[in-house]
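S.K.: There's a structure below that I have some questions on.
Nothing in this text is a laboratory measurement; each read-out follows from the coordinates by a stated rule. The shown structure was predicted, so the numbers you read here are calculated from the model rather than taken from an experiment. A quick note on method: Cβ atoms are made from the backbone with ideal geometry, for glycine too, and the neighbour counts reach across all protein chains shown.
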Amino acid sequence: KIIPCACEYMEREAVEVTEARKGQKFPVSGEAVLLIEVDGNNAELLDQDIEKIAECCIECGAPDVYPATDNDKRAQIWAMRRSIGESVKAISAYREEDTVVPRSRLPELVQAIREVAKKHGLRAISYGHIGDGNIHVNILKGNASDEEWTRRLDPAVRELFQRTLAL
């Protein structure tokens, strides 16, 4: 019954790209990072909420939990999250698509993004807002020729949205 004030998703590759660009290390031991923030006026209740969130994450398969209980650590984590978009987009030409599904279907969406990218021979890096079910999908051109990029991109985006709508 805890209502976070923020809940963000960052897949491992998004974090790694940002680490490389910013020259900072961010603890990632799983396939992704969930940034879950709570707020309030009672420090004791906040500590209890953080503990419950950590327990829930571990019970659901998170390999680690890193509570950021001091201002410097929180600032570093949020700076990392805010830098992901620019870091990913600095790699190459890209096309960003926003996908939105009910929150309960987010794991299926993440899987669909990976499958579509692989099927079409594309690199996709995603991150987004778990609280509203929105995942930003950045499809990168990389070294593909303009012709190859166009040939692969349009069918991939069409399939991505077909699968998103199905969810």
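S.K.: Quick one: what are the phi-derived ³J(HN,Hα) couplings along region 31-39, Karplus 6.51/-1.76/1.60 with θ = phi - 60°, whole Hz, x for glycine and proline?
M.R.: Running phi through 6.51 cos²θ - 1.76 cosθ + 1.60 with θ = phi - 60° gives 6, 7, 10, 10, 9, 10, 10, 10, 9 Hz.
S.K.: Follow-up. Taking θ = phi - 60°, what integer Hz values does the Karplus form 6.51 cos²θ - 1.76 cosθ + 1.60 yield along region 13-22, in sequence order, with x for Gly and Pro?
M.R.: So the Karplus estimates, Gly and Pro as x, are 5, 5, 5, 4, 5, 5, 4, 4, 6, 8 Hz.
S.K.: Further question on the same structure: Only helical DSSP H runs with n ≥ 4 go in: add -39500 (n - 2.57) per run for the chain, normalise by residue count and round the 222 nm mean residue ellipticity to 500 deg cm²/dmol. Write down the numbers at each step before the final one.
M.R.: Details: 5 runs with 82 residues, N = 167.
Here the helix-only value at 222 nm equals -16500 deg cm²/dmol.
S.K.: So which trypsin sites (Lys or Arg not before Pro) in region 1-72 end up in coil per DSSP with only 12 or fewer other C-beta atoms within 10 Å? The partial results should precede the final answer.
M.R.: Details: sites: 1, 12, 21, 22, 25, 52; in loops: 1, 25.
Filter output for region 1-72: 1, 25.
S.K.: With label points built 7 Å along Cα→Cβ from the Cα atoms of residue 29 and residue 123, find their separation and express it in nm.
M.R.: 2.8 nm
S.K.: Find how many whole Å separate the alpha carbon centroid of region 90-109 from the alpha carbon centroid of region 140-167.
M.R.: 12 Å
S.K.: Place +1 on the Cβ of every Lys and Arg and -1 on the Cβ of every Asp and Glu in the chain, take the dipole about the Cα centre, and give the residue among 90, 145, 41 whose Cα lies farthest towards its positive end.
M.R.: 145
S.K.: Match the structure shown to one of the listed values (1) 48, 36, 31; (2) 58, 37, 24; (3) 65, 43, 31 of Cα extents along the principal axes in Å, computed from it, and give that label.
M.R.: Step by step, Cα extents along the principal axes in Å for this structure corresponds to label (2).
S.K.: Another question about this same structure. Counting Lys +1, Arg +1, Asp -1, Glu -1, what net charge surrounds residue 87 among other residues with beta carbon under 11 Å of its beta carbon?
M.R.: Values: positive: 21, 22, 81, 82, 89; negative: 13, 16, 19, 86.
Spelling it out: positives minus negatives among the neighbours equals +1.
S.K.: Under unit Cβ charges (Lys, Arg +1; Asp, Glu -1), what dipole magnitude, rounded to 20 debye, does region 106-167 have relative to its Cα centre?
M.R.: On the way: 9 positive and 8 negative charges, 33 e Å.
I would put it at about 160 debye.
S.K.: Same structure again: I need to check one value: relative contact order of region 19-132, counting alpha carbon pairs closer than 8 Å and at least 6 residues apart, in percent.
M.R.: Taking the mean separation of contacting Cα pairs over the length of region 19-132, I get 20 percent.
S.K.: Taking the Cα centre of region 1-92 as origin and charging only Cβ (+1 Lys, Arg; -1 Asp, Glu), how large is the dipole, in debye to the nearest 20? It would help to have the intermediate numbers written out before the result.
M.R.: Working: 11 positive and 18 negative charges, 96 e Å.
Dipole magnitude for region 1-92 comes out near 460 debye.
S.K.: Something else now. Pairs on different chains or at least eight residues apart, Cα atoms closer than 30 Å: how many lysine pairs in the chain fit?
M.R.: 18
S.K.: May I ask you to evaluate 6.51 cos²θ - 1.76 cosθ + 1.60, the Karplus curve with θ = phi - 60°, for each residue of region 71-81 and list the ³J(HN,Hα) values in order in whole Hz, giving x for glycine and proline?
M.R.: Ordered by residue, 3J(HN,Hα) equals 4, 5, 5, 4, 4, 5, 5, 5, 5, 4, 4 Hz.
S.K.: To the nearest 20 debye, what charge dipole does region 46-167 have about its Cα centre, counting +1 at the Cβ of each Lys and Arg and -1 at the Cβ of each Asp and Glu?
M.R.: Working: 18 positive and 20 negative charges, 107 e Å.
Charge dipole of region 46-167: 520 debye, to the nearest 20.
S.K.: Using the Cα gyration tensor of region 84-150, with a ≥ b ≥ c the square roots of its eigenvalues, what is the shape: rounded (a/c below 1.5), prolate (a/b larger than b/c) or oblate (neither)? Each step should come with its number before you reach the end.
M.R.: Working: a/c = 2.93, a/b = 1.64, b/c = 1.78.
Since a/c reaches 1.5 but b/c is at least a/b, the shape of region 84-150 is classed as oblate.
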